[in-house]
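One structure is given below, encoded as structure tokens.
The values are calculated or read from the model by the stated rules, or taken from the named source; none is laboratory data. Here the structure is a predicted model, which means the values were calculated and not measured. Neighbour counts are summed over all protein chains in view; Cβ atoms, including those assigned to glycine, are modelled from backbone coordinates with ideal geometry. These area figures cover heavy atoms from the full protein model, side chains too; ligands, DNA and RNA do not enter into them. Shrake-Rupley method; radii C 1.70, N 1.55, O 1.52, S 1.80 Å.
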Amino acid sequence: MKIAFVGKGGSGKTTLSSLFIRHLAASRIPVIAVDADINQHLGAALGLDEARAAALPAMGAHLPLIKDYLRGGNPRIPSAASMIKTTPPGEGSRLLRVVEDNPVYDACARTVELDGAAVRLMATGPFTESDLGVACYHSKVGAVELCLNHLVDGRAEYVVVDMTAGSDSFASGMFTRFDMTFLVAEPTRKGVAVYRQYKEYAQDFGVPLKVVGNKVQSPDDLAFLREEVGDDLLVTVGHSEWVRAMEKGRPARFAYLEQANRRALEVLHDTADAAYGRRDWERYTRQMVHFHLKNAESWGNAKTGVDLAAQVDPAFVLHEGAATPQPA
């Protein structure tokens, strides 16, 4: 299951995504955690110290390796250099699975221990000095989008992505790559403004969206969110001494998280799990191709010097049973 956490900056989406990852890990569910935010804080939220968080490999720095591995023996893609972030898989492409070892995970993922369980953590990587003034952040998350396009995941395994803040996610088709999107909103006008933007875009593509109310401290806060987001409000989260201690670098065992907040995480898990029954791999593949063709026409063809529409395999549909050729 592919899950996204979105919201405005400061809404608490990184904290909520890290708590959800911890909840899944505590349930012994395989998890890949992905930090796709411009502010790289997910590692710290999962308990890494500053040095370990800074040492996480940047997916963007390994993009040539990622492309070369995923291309596999796909005859429609003559070279890794001709692949862009939206390139879809086809016959002969290598696919990624949550529970496996492969060169992409070897290069880009690091294991994080969480109270006796372990998750794989991947990160887009921060802006570097050479990027300033010349690079768009969406070029960084392109590696994440390419991996999601080639990912085959089942019900009892999760990929949880902490997305970039605000509505920036709509600058690419990555917002359509998820089984469930949790939008973290504070009970403020700015908090619900991002919800309205996301709702408008998401409904055009059938993207499932639920709101998690954060920093809800009073009945008035709850009433405000219910009035502004209606039935999309799934659950609310209040103050947490456990989170405060974690942010100070003194985390307790996850079992000691407040009971009300543990119940909220269970609601998120149940909601994500229920989305499995609504999976539509044909639509998923169709949307993947749609955004690839848009990107090809807009900039991809000019950048690569080839007709990227030729990369589309019209007979291929990504699905859980799709086979991937093994490396030579």
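A viscosity of 1.306 mPa s and a temperature of 10 °C, combined with the Kirkwood radius over Cα pairs in Stokes-Einstein, give a translational diffusion coefficient for the range 1-46 of 144 µm²/s. Pairs Lys67/Lys190; Lys199/Lys303; Lys8/Lys303; Lys2/Lys190: which exceed 30 Å Cα-Cα? Checking Cα-Cα distances, Lys67/Lys190; Lys199/Lys303; Lys8/Lys303 exceed 30 Å. Taking the accessible area of the chain, probe 1.4 Å, and keeping the other protein chains in place, the carbon and sulfur fraction comes to 50%.
Length available on full extension from Ala255 to Ala61: 0.36 nm per residue minus the Cα-Cα distance, which gives 66.2 nm.
The H on the amide N of Val6, modeled in the peptide plane, is under 5 Å from the matching H of Phe182, Leu183, Val184, each at least 5 residues off or on a different chain.
For Arg286 and Arg263, what is the calculated FRET efficiency with R₀ set at 56 Å and r taken between the beta-carbons, to the nearest 0.05? Taking R0 as 56 Å, the efficiency between Arg286 and Arg263 is 0.90. Take every pair of alpha-carbon atoms less than 8 Å apart whose residues are at least six positions apart; their mean separation over the length of the chain yields a relative contact order of 27 percent. Packing, as the average of other Cβ atoms within 10 Å across residues, places the peptides 259-269, 207-217, 274-284 in the order 207-217, 259-269, 274-284, highest first. Here the sum of -39500 (n - 2.57) over DSSP H runs of 4 or more residues, divided by the residues of the chain, equals -10500 deg cm²/dmol at 222 nm, to the nearest 500.
Summed over the residues of the chain and divided among them, the accessible surface reaches 44 Å² per residue at a probe radius of 1.4 Å.
How much net charge surrounds Gly116 when only the other residues with a Cβ under 11 Å from the Cβ of Gly116 are counted, with Lys and Arg +1 and Asp and Glu -1? It works out to a net charge of 0. Highest-first packing order for the peptide set 60-67, 238-245 is 60-67, 238-245, based on the mean count of other beta carbon atoms within 10 Å. Calculated FRET efficiency, Ala309 to Glu200, Cβ-Cβ distance, R0 = 41 Å: about 0.90 to the nearest 0.05. Every Cα-Cα pair in the range 11-84 was counted, and those over 21 Å apart are 46% of them. Taking 37 °C and 0.692 mPa s as conditions, the chain diffuses translationally at an estimated 162 µm²/s according to Stokes-Einstein applied to its Kirkwood radius (Cα pairs).
Straight-line reach from Lys248: taking Cα to Cα under 21 Å and skipping same-chain neighbours fewer than 8 places apart, the lysines in range are Lys13, Lys215. So which aspartates and glutamates can Lys85 reach, going by Cα to Cα under 14 Å and dropping same-chain residues fewer than 8 places off? Reachable aspartates and glutamates: Asp68, Glu145, Glu297. The H on the amide N of Lys215, modeled in the peptide plane, is under 5 Å from the matching H of Val237, each at least 5 residues off or on a different chain.
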